[in-house]
Amino acid sequence: MGDKKKKTAEPDLMQKIVGLCKRRGFVFQSSEIYGGLKSAYDYGPLGVELKRNVMAEWWRSMVHEREDVVGLDASIIMSPKVWQASGHVGGFSDPLVDCKVCKCRFRADKAPQVEVGTEVTFRAGGKTQTGIAERGYVCPECGSPELSEEREFNLLFKTNLGPVDTGDSTVYLRPETAQAMFVNFLNVQSTYRLRPPFGIAQQGKSFRNEITVEHFIFRSCEFEQMEMEYFCPPEEAPKWLDYWKQERFDWYVNLGCKKENLRLRAHEEDELAHYADGCYDVEYKYPWGWDELEGIANRTNYDLKKHQEASGKKLTYFDPVRENPETGKMGVHYLPYVIEPAAGATRTVLMFLLDAYDEEPPSEGRKEGRVVLRLHPRLAPIKVAVLPLVKKDEWLTGKAREIVKAFLKNGVNAFYDEKDAIGRRYARQDEAGTPFCITVDGQTKEDGTVTIRYRDDMRQDRIKLEEAVDIVNKKMRE
Ligand code: ATP
């Protein structure tokens, strides 16, 4: 692994994001009034909009703007046989280790790596101690090499179907959305008359009993995924892996993620899942270092094959215009290969918040600095805030409310705000990532114009009231 996933201490930026999320209603700790539930999060008014926008953009680019991908919305609870066949019941586990010094429990594959046999320094009982690393990694909390044996821990969430736990009613919450696409492969293919290459896309909740939950919403036990299984003839798989890795990388860039904070990393042989024949991670430069955002893998025909074997149902596709290599005649049944771009929606929300966060110091014309979320207008929770300059002037407040209605009617999420001085209202919107503010003032009464203020450079233009919706809509499409 070397420095592939080098970790550093959690720096300030994460604390700032967590603070902003709570203060402004992006993300709250779950069950907070009861002391909070570890690793569970609730998305507040701004957070739910941001998450929905991320997911809508993904759906738009993966399904609506393409002819070769269709959607699916499957049940979270599936037959336990699905998870036995996929290998999740038997093998979906992480190597778990306890630190003998600080007692923390962690995943061996995510721990800081050190060369076997080297001397390491760590803190124990308030003193600095040394020890020899025998395992190739040390405790992520205290740095100690004194560790328990590795134990396997299954990540599936178990529950039971029906009111009485009879022992054979065990079911699992899905740990990934992908398997529903495999077991529905022929249902979707035949009802929609699809011919490979084609994809099935799904978004939704997944659950993993993660041993280490970390970095706020980066890794939680309940999270949301955006996955697509692209079924193709086996010989085309390398080409489509190449294609999808680039498509997915570009998707983040097109939504404003800074290119220098993103990279594509090919998995090395020893990292590949046993069923995969090639895999790339889209990685982001988080405050703690480069880490996964999305994986794009060639899953071969592994999953279809496993489900075919376990269910006893044929899952092959019949291609009438493909040559049968055995007979030399046209027409062959085969199991397609699958390229899977698998992204986390909640992890992507965190990434966009981190990437968009900016602090501007006070400048010549401005006494106070500002915090601004430079979110892409299509991702911004509120697209436009409409502000009457003076709260006491009923004509201004009435007009501003009218403008809000006009935006809402056009499907643009607008927000009315009359509280506090105009500068403070702008500052609140900058922090929420609102790309446009429209201010209604005395001049509006005279000539029907309003001020539009742009979040990023704080430029202000005078525009005609009737043009406001069109101008904002146009900017959203850029
Ligand atoms: P990691 O190595 O970070 O545990 P993974 O390789 O197990 O992730 P996949 O099984 O490939 O992840 O899942 C696809 C995507 O789902 C990941 O790239 C990530 O964005 C998201 N994801 C997976 N597990 C979690 C989690 N516990 N919390 C939030 N998002 C997750």
Is there any pair linking a residue in the stretch 221-234 that is touching a residue at least 40 places away in the same chain (Cβ under 8 Å) to one that is within 13 Å of the ligand (Cβ to nearest atom) and β-branched (V, I, T), with Cβ under 7 Å and at least six apart or on different chains, and which? C221/V213; F223/T346; E224/T346; Q225/T177; E227/T177
Checking G433 against (1) within 16 Å of the ligand (Cβ to nearest atom); (2) on the phi > 0 side of the Ramachandran plot, the condition it does not meet: (1)
Members of the stretch 263-320 that are touching a strand residue (DSSP E or B) at 6+ places or on another chain (Cβ under 7 Å), open to solvent by 10 Å² or more (accessible area, probe 1.4 Å) and away from the ligand (no atom under 16 Å from the Cβ): N301, T316, Y317, F318, P320
Can you tell me which residue in the stretch 321-368 is farthest from the ligand (Cβ to nearest atom), limited to those that are among the polar types (S, T, N, Q) and either under 17 Å from the mean Cα position of the chain (by Cα) or under 28 Å from C257 (Cα atoms) (or both)? S363
Please count how many residues of the stretch 201-215 are more than 10 Å from the ligand (Cβ to nearest atom) and not aliphatic (A, V, I, L, M). 4
Contact list please: Cβ distance under 8 Å, first residue in the stretch 399-423 and under 18 Å from T449 (Cα atoms), second residue polar (S, T, N, Q) and surrounded by 12 or more Cβ atoms within 10 Å (Cβ to Cβ), pairs at least six apart or on different chains. K399/T444; F407/N413; I422/T439
crowded, with 21+ Cβ neighbours inside 10 Å and assigned to a strand (DSSP E or B): is that true of I438 in this structure? yes
Condition set exposed (fewer than 13 other Cβ atoms within 10 Å of the Cβ), among the charged types (D, E, K, R) and in a loop (DSSP other than H, G, I, E, B), scope the stretch 141-167, selection farthest from the chain's Cα centre (by Cα): answer is D165
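The values are calculated or read from the model by the stated rules, or taken from the named source; none is laboratory data. Note that the structure is predicted; figures quoted are calculated from it, not measured. All Cβ positions, even for glycine, are placed from backbone atoms using ideal geometry, and neighbour counts span all protein chains on display. Just the protein is used for accessible areas: all its heavy atoms, side chains included, with ligands, DNA and RNA removed. Shrake-Rupley method; radii C 1.70, N 1.55, O 1.52, S 1.80 Å.
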